């Protein structure tokens, strides 16, 4: 199955903002575990106005969190409509992406471990509250599509995007289409790599328990008895000659290379893009990962391995692409021929909010 389809969920009276689509804007929202990014995106994939607010989490109550997030998104939509109006522009659609298991075709967030919700019909709720056509999907899958069409994957039809932070996931863009697998595709963080370490998913030995930024920090502290602030600190200590840091880093790279080799054998991507907080390690990560991956591959296509480009804008731009598709406009060709996005104009965004969702 190629791509994901979005339900024809609209306000009973149709979109509230009737206008020439080409002169309009869409609202994009990227819901994270700690922050919600929201912005206006134009027909060239440029973020024209953006803001970030804390995610309103109700501890221990996923249903209440879902309600609070819905209300927050409705409020942000109102604010961004006003911002669009100040530019004499109309809003033609709303795109929302969330973490966890997502049924994009139904517009439902099936499950989020971190936010605690189950079976929340966000597309229907938001369409009813805002009167806008709503596109809804998974955050990593949307970010991967943005990287393929507007970022480091431009010009490539087969791209795998792997953000590594608190967890690890993957977005598969095959023949220019984001592959959803009915919402199940891309959970590479829960492939068993043999570590034997219990995982929050209920399994053990998952890639996330060895190679995520959170795991690298935790494993170094457990090995040495010396707490560190994050995986970036482990990378710095490795560069300074710390053998324990080098061992923890090597274990992470080895596990990650095995999963990427299997991915390369299965879907033959032209390029693998590494994103998320751990990507800030740059060549300290990519160098050994390239060597390990190259050693594992034999008859398989050898993908290029490089850093993602869009950073923490990827999910927001992905939500914008989805919203434009919901309005009948596809931004960026499948082989990436359109202009790349420009930086956002940011409003009411604190330093803490700007870093929300980005793990060290």
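Worth a mention:
- Maximal additional length on extending the residue 270-residue 222 stretch stands at 13.5 nm, based on 0.36 nm per residue less the C-alpha distance.
- For Kirkwood radius over Cα pairs in Å, calculated from these coordinates, the label among (1) 20.6; (2) 23.2; (3) 22.0: (1)
- Inter-label distance for residue 88 and residue 119, nm, one decimal - labels placed 7 Å from Cα along Cα-to-Cβ: 5.0
- Relative to the longest principal axis of the Cα atoms of the chain, the long axis of helix 283-296 makes an angle of roughly 70 degrees.
- The mean sequence separation of alpha-carbon pairs under 8 Å and at least six residues apart, normalised by the residue count of the chain, gives a relative contact order of 24 percent.
- Taking the fewest neighbouring Cβ atoms within 10 Å as the starting point, the ordered list for 184, 249 is 184, 249.
- Order of 251, 208 - criterion: other Cβ atoms within 10 Å of each residue's Cβ, fewest first: 251, 208
- Computed extension length for residue 200-residue 302: 33.5 nm, one decimal, from 0.36 nm per residue of separation with the Cα-Cα distance subtracted.
- Angle between the chain longest axis and helix 213-224 axis [Cα atoms, degrees, rounded to 10]: 30
- Once the C-beta distance of residue 58 and residue 128 is scaled by a Förster radius of 22 Å, the resulting FRET efficiency is 0.50 to the nearest 0.05.
- Antiparallel content of DSSP bridges confined to the chain, in %, to 5: 55
- Residue order, fewest to most beta carbons within 10 Å, for 154, 87: 87, 154
- Highest to lowest packing among 62-71, 122-131, scored as the average C-beta count within 10 Å: 122-131, 62-71
- Figure legend: label point modelled 7 angstrom from the Cα of residue 250 along Cα→Cβ; residues of the range 278-308 with amide N under 18 Å from it are 284-296.
- Cα-based helix-to-principal-axis angle, 139-150 vs the chain, degrees rounded to 10: 80
Coordinate-derived values only; no laboratory data. A quick note: this is a predicted structure, and the numbers were derived from the prediction, not measured. All Cβ positions, even for glycine, are placed from backbone atoms using ideal geometry, and neighbour counts span all protein chains on display.
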